[in-house]
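Read through the structure below, which is laid out as structure tokens, and then see the notes.
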Amino acid sequence: MTDITITLYKGESVSLPTGTTVGEALSALLSNKQRKRTVAARIDDMLADFTTLLTEDSTLIPIQIGSEESLDILRHSTAHIMALAVREVFGTDIKIAIGPSIENGFYYDFLRDQPFSPEDFEKIEKKMEEIVRQALPFYRTEIQSSDAITRFEAEDEKYKVELIQDLETKSVSLYQVGEFTDLCRGPHVPNTSFIRAFKLLRVAGAYWRGDEKNDVLQRIYGTSFFDKKELKKHLNALEEAKKRDHRKLGKELELFTIQEDIGAGLILWQPKGAQLRRLVEDYWKDEHYRHDYDLLYTPHIARQDLWKTSGHLDFYSENMYSPMDIDGVAYQLKPMNCPFHIGVYTNKKRSYRELPLRWAELGTVYRYERAGALHGLLRVRGFTQDDAHIFCRPDQLEDEIFNILELNLHILKNFGFKEYDIYLSTRPEKYVGSDESWELATESLKLALEKKGLKFMIDPGEGVFYGPKIDIKIKDQLGRAWQCSTIQVDFNLPERFQLAYTGADNSDHQPIMIHRALMGSLERFIGVLIEHYAGVFPLWFAPVQARILNITDDQAEYCEKIFMQLRKSGLRIEKDLRNEKLNYKIREAQVNKIPYMLIVGDKEKENGTVTVRLRDGKNLPPMTIPDFIEKIEMEVSEGRGI
């Protein structure tokens, strides 16, 4: 038997017989302590578990506990343990679909007549603990696809058969742990003893392969960590996330509602929510004006022919609503604002001296989302994009992207978002435009990021078909990432609509179009704001800034007077003059997360003052109404970054 050379990523190497497993090679190359912290290895671009056979010279990179890859492998393995436990507890009549790892956890889909209950979760977890203690190994085998189909047909596992048939490969890999075998790419941890801290979280309905025409399965979600402290930390974060859930707070704070008789995914903004939205909109408009944008307003519908020209009917029709007949002509609700902005551009002949043109719109669009995907403000069917399009010359592209980044980060900072991940997405396999144009656009995006001093990651091949893009994922107080901001360079629409400007050479040239959204949509952004602040909004965009509370009816008239004085000054003020105990009214104001309470008794009425109480319970010295107005105006100016 010939030997092969196995090299560790740091340079150590060893000669071993052909057919040595990854686990055996790592034992020869790593210390015992390192070996115990290793769950798998990377061979070139392939992840491999300990049972993988090495048949040629290879370089191994150990995947050790603490890395993101190790967590992904652990969670995928825990999913298999859960499936094994479900089978052992409830029998083999349950059909099993897929069970991948996902962000922060895993899930498995099951076909079962009876719904899973919280009591079932306890039984499943108990059985999982028994399996873990047995330190059962994960075995990988590779067999012919035809043999795998025969096997799973005999076991009446129709979902596995369908998956294998769709793969259209000669062979597939199976993984066995205990009495459970599943179709799986792997890799997995060496044995079940690595699975030390896990928790089943919830169950939800899921269509097989996401198709509403298919079976409805039960999807059990869970999470898994190598360390019980990390699991506890994660579960605490989930509890905090529940408290911050924008749907819960939206109801409690009377911000918005969704009524099924009006339509799923359609938001009704209540007065306080509408006030919050107005404040966000006004700030957005003011900042855009300061940064040399002009505002546009465009219709909600357009002739279907427009969407044919733009390509939306070819690429996006499944997300568009059915056409409507108006005077014998087909119209459709808009899913995007860009063709309308192009219509403004083509309204007259353009010169190179006019460029760049920066046009922004809070444009409401309508897109079809599956009912199961709808989620409060975060996923809706009608929403308002903070949209903008810049039409510029190629020599202006880098500066325009830099300016967008400046405005983008300035706005995010003033809303309290200072941490984010930035991705530069490059050319996909299928694209339009010349290679030269793609290189210019990608380099311009890269240089603007570098000029701004921003750290970013390359996301290869994830650009849209019409151009490269920058995506910014903001992080909230719990460290969760939210996709909001995007900057996209577009070669497609200028070509489709034959856009042109007259250059210095008196010839026609095609402008470059930049699509840009800083918040993504007002609905989603406000949903994120609610969860980020847990409803405790900064004063400058709190829907209600203060509430006046009287101690007895004797101060009611004075309270009405100062209420009107504060309202006329522009403060967002409420009054609570009910015949209730003061402590009750204070508590209610705190529950409603109102920044300031203005308490009025006989002493305040006599002195023409108010006693100011903060929502955190602290009291400020009594002050006159003009002094309170000045304090509020100063705090608002600082919050808005003025």
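The values are calculated or read from the model by the stated rules, or taken from the named source; none is laboratory data. Just so it is clear, the model here is predicted, and its values are computed rather than measured. Don't worry about glycine lacking a Cβ; one is built from the backbone with ideal geometry, like all the others, and counts go over all protein chains shown.
Between I404, I390, I470, which is in contact (Cβ under 8 Å) with a residue 60 or more places away in the chain, closer than 30 Å to L333 by Cα and touching a Ser or Thr at 6+ places or on another chain (Cβ under 8 Å)?
Of I404, I390, I470, the one residue that is in contact (Cβ under 8 Å) with a residue 60 or more places away in the chain, closer than 30 Å to L333 by Cα and touching a Ser or Thr at 6+ places or on another chain (Cβ under 8 Å) is I470.
Residue check: is T223 more than 30 Å from E119 (Cβ to Cβ) and among the hydroxyl-bearing types (S, T, Y)? No: the conditions fail for T223. State which residue pairs qualify: first residue farther than 23 Å from N403 by Cα and inside the range 423-452, second residue aliphatic (A, V, I, L, M) and not in a loop (DSSP other than H, G, I, E, B) in any location, beta carbons under 9 Å apart, and separation of 6 or more residues or different chains. Within 9 Å, the pairs are P428/V464; Y431/V464; G433/A441. For the structure I just gave you, tell me whether E495 is surrounded by fewer than 23 Cβ atoms within 10 Å (Cβ to Cβ) and more than 29 Å from K631 (Cα to Cα). For E495, the condition - surrounded by fewer than 23 Cβ atoms within 10 Å (Cβ to Cβ) and more than 29 Å from K631 (Cα to Cα) - is met. Checking each residue in the range 416-434 for being over 30 Å from E495 (Cβ atoms) and either out of contact with any strand residue (DSSP E or B) (no Cβ under 9 Å at 6 or more places or on another chain) or of a type in the set (D, E, K, R) (or both) picks out G416, K418, E419, D421. Set side by side, the residues G265, G222, G250 differ, and just one is in a helix (DSSP H, G or I) and under 21 Å from the mean Cα position of the chain (by Cα), which is G250. In the set L614, L620, only one residue is without any contact (Cβ under 8 Å) to a residue 12 or more places away in the chain, surrounded by 13 or more Cβ atoms within 10 Å (Cβ to Cβ) and either of a type in the set (A, V, I, L, M, F, W, C) or not assigned by TED's automatic domain parsing to the domain that holds N550 (or both); that residue is L620. The condition (being over 26 Å from the mean Cα position of the chain (by Cα), surrounded by 21 or more Cβ atoms within 10 Å (Cβ to Cβ), in the same structural domain as F456 (by TED's automatic domain parsing) and over 17 Å from F497 (Cα atoms)) is satisfied by just one residue among L355, L397: L397. So in the range 358-367, with the set limited to residues that are more than 21 Å from G503 (Cα to Cα) and of a type in the set (D, E, K, R), which one is modelled with the lowest pLDDT? Filtering first and then ranking leaves R367. Annotation: M564 fulfils all but one of (1) exposed (fewer than 14 other Cβ atoms within 10 Å of the Cβ); (2) under 17 Å from P271 (Cα atoms); the unmet one is (2).
Table: residues versus (1) in contact (Cβ under 8 Å) with a residue 12 or more places away in the chain; (2) under 22 Å from S521 (Cα atoms); (3) in contact with a Ser or Thr (Cβ under 6 Å, 6 or more places away or on another chain); (4) of a type in the set (A, V, I, L, M).
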site: M320; (1), (2), (3), (4): yes, yes, no, yes
site: G328; (1), (2), (3), (4): no, no, no, no
site: L333; (1), (2), (3), (4): yes, yes, no, yes
site: T346; (1), (2), (3), (4): yes, no, no, no
site: R350; (1), (2), (3), (4): yes, no, no, no
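Residue-level analysis places E406 among those that are surrounded by fewer than 16 Cβ atoms within 10 Å (Cβ to Cβ) and either assigned to a loop (DSSP other than H, G, I, E, B) or not hydroxyl-bearing (S, T, Y) (or both).
The single condition among (1) in the same structural domain as C392 (by TED's automatic domain parsing); (2) closer than 27 Å to D490 by Cα; (3) in a loop (DSSP other than H, G, I, E, B) that Y321 does not satisfy is (1). Checked against (1) under 19 Å from E179 (Cα atoms); (2) buried (at least 22 other Cβ atoms within 10 Å of the Cβ), E88 passes all but condition (2). Take E580 and tell me if it is charged (D, E, K, R), under 16 Å from N550 (Cβ atoms) and modelled with pLDDT of 95 or more. In short, no.
When residues in the range 440-475 are screened for being surrounded by 19 or more Cβ atoms within 10 Å (Cβ to Cβ) and at pLDDT 90 or above, 11 of them pass.
Screening the range 30-62 for residues that are among the aliphatic types (A, V, I, L, M) and touching a residue at least 40 places away in the same chain (Cβ under 8 Å) and picking the one that is surrounded by the fewest Cβ atoms within 10 Å (Cβ to Cβ) gives I61. Would you call Q176 touching a residue at least 12 places away in the same chain (Cβ under 8 Å), under 27 Å from the mean Cα position of the chain (by Cα) and closer than 27 Å to E122 by Cα? So Q176 does not fit the description; no. Hey, could you check the range 14-29 for residues that are out of contact with any Leu (no Cβ under 6 Å at 6 or more places or on another chain) and loosely packed, with under 14 Cβ neighbours inside 10 Å and say which is nearest to I61 (Cα to Cα)? The residue in question is S15. Remark: pairs (first residue in the range 146-168, under 22 Å from R112 (Cβ atoms); second residue crowded, with 17+ Cβ neighbours inside 10 Å and of a type in the set (G, A, S); Cβ separation under 6 Å; 6+ apart in sequence or on different chains) = Y159/A97.
Just one residue in the set S521, S569 is touching a Ser or Thr at 6+ places or on another chain (Cβ under 8 Å), farther than 21 Å from K593 by Cα and in contact (Cβ under 8 Å) with a residue 40 or more places away in the chain; that residue is S521. Only one of the numbered conditions (1) in contact (Cβ under 8 Å) with a residue 24 or more places away in the chain; (2) within 30 Å of G105 (Cα to Cα); (3) not basic (K, R) is not met by S27, and that is (1). Of all residues in the range 423-439, exactly one satisfies the criterion of being among the hydrophobic types (A, V, I, L, M, F, W, C) and surrounded by 20 or more Cβ atoms within 10 Å (Cβ to Cβ), namely L424.
When the strands (runs of 3 or more DSSP E) confined to the range 129-195 are screened for residues that are assigned by TED's automatic domain parsing to the domain that holds A85, closer than 18 Å to Y108 by Cα and of a type outside the set (S, T, N, Q), those reaching at least 1 such residues are found at 171-177, 180-183.
Quick one: how many residues across the range 94-128 are in a strand (DSSP E or B) and of a type outside the set (D, E)? Matching residues across the range 94-128 total 10. Annotation note: of L60, L74, L84, the sole residue that is in a strand (DSSP E or B) and of a type outside the set (S, T, Y) is L60. Here Y316, Y289, Y321 are screened, and the one residue that is of a type in the set (F, W, Y), surrounded by fewer than 19 Cβ atoms within 10 Å (Cβ to Cβ) and closer than 27 Å to R247 by Cβ is Y321.
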